[in-house]
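Trainee: One structure, pasted below without further comment.
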Amino acid sequence: MIRGLRGATTVEENNGDSILAATKELMLEIQETNGFHPEDISHIIITMTEDLNATFPARVLRDIAGYQLVPVMCAQEIAVPGGLPKCIRLMVTVNTTKFQNEIKHIYLNDAVNLRPDLTLDK
């Protein structure tokens, strides 16, 4: 079965190191929480709000073991007035045997406010 796993996080400022560190933290948390391997991934879409442009967040995935062949695309999030600033979102499409209600979506930092109904208690 193919499932989509969502995640989001925020950074304090628009700089490459912050964006890369936050993206890596989010990706690893999504993977660990949901128990999949990079070879289970069909593709990953990463979006960032318009106030983040210091680097391509997909760059950091190439440094994670097993992710070198995973197709990744970056895009700009829709600029909705009043939307959460400095936000990075991931949509990870994986092959899994889990039912939809077993998937755990991950929201970190200020992004916990996006979907409090899906936020895991840490």
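Trainee: Name the residues in region 1-10 that are within 13 Å of the chain's Cα centre (by Cα) and farther than 12 Å from Leu90 by Cβ, would you?
Mentor: Thr10
Trainee: In the list Met91, Met48, which residue meets the criterion of being among the hydrophobic types (A, V, I, L, M, F, W, C) and in contact (Cβ under 8 Å) with a residue 60 or more places away in the chain?
Mentor: Just one listed residue meets the conditions, Met91.
Trainee: Enumerate the pairs (first residue in region 95-111 and farther than 19 Å from Ala8 by Cα; second residue anywhere and assigned to a strand (DSSP E or B) and modelled with pLDDT of 95 or more) with beta-carbon separation below 7 Å, excluding pairs fewer than 6 apart on the same chain, so at least 6 apart or on different chains.
Mentor: Every condition considered, the pairs that remain are Asn95/Ile2; Asn95/Ser42; Thr96/Arg3; Lys98/Arg3.
Trainee: Of all residues in region 20-72 being in contact with a strand residue (DSSP E or B) (Cβ under 9 Å, 6 or more places away or on another chain), hydroxyl-bearing (Ser, Thr, Tyr) and not in a helix (DSSP H, G or I), which is nearest to Val92 (Cα to Cα)?
Mentor: So, considering only residues that are in contact with a strand residue (DSSP E or B) (Cβ under 9 Å, 6 or more places away or on another chain), hydroxyl-bearing (Ser, Thr, Tyr) and not in a helix (DSSP H, G or I), the one nearest to Val92 (Cα to Cα) is Ser42.
Trainee: Of the residues that sit in region 1-44 and are among the β-branched types (Val, Ile, Thr) and touching a Cys at 6+ places or on another chain (Cβ under 8 Å), which one is farthest from Asn101 (Cα to Cα)?
Mentor: Thr10
Trainee: When you go through (1) within 17 Å of Glu32 (Cβ to Cβ); (2) surrounded by 15 or more Cβ atoms within 10 Å (Cβ to Cβ); (3) among the aliphatic types (A, V, I, L, M) one by one for Leu114, which number turns out not to apply?
Mentor: Just one mismatch for Leu114, condition (1).
Trainee: For region 95-111, give me each residue that is within 13 Å of the chain's Cα centre (by Cα) and not in a loop (DSSP other than H, G, I, E, B).
Mentor: Hits for region 95-111 are Ile106, Tyr107, Asn109, Ala111.
The values are calculated or read from the model by the stated rules, or taken from the named source; none is laboratory data. The structure presented is a predicted model; accordingly, all values stated were derived computationally and were not measured. When we count neighbours, we look across all protein chains shown, and the Cβ atoms used for this are built from the backbone with ideal geometry, even at glycine.
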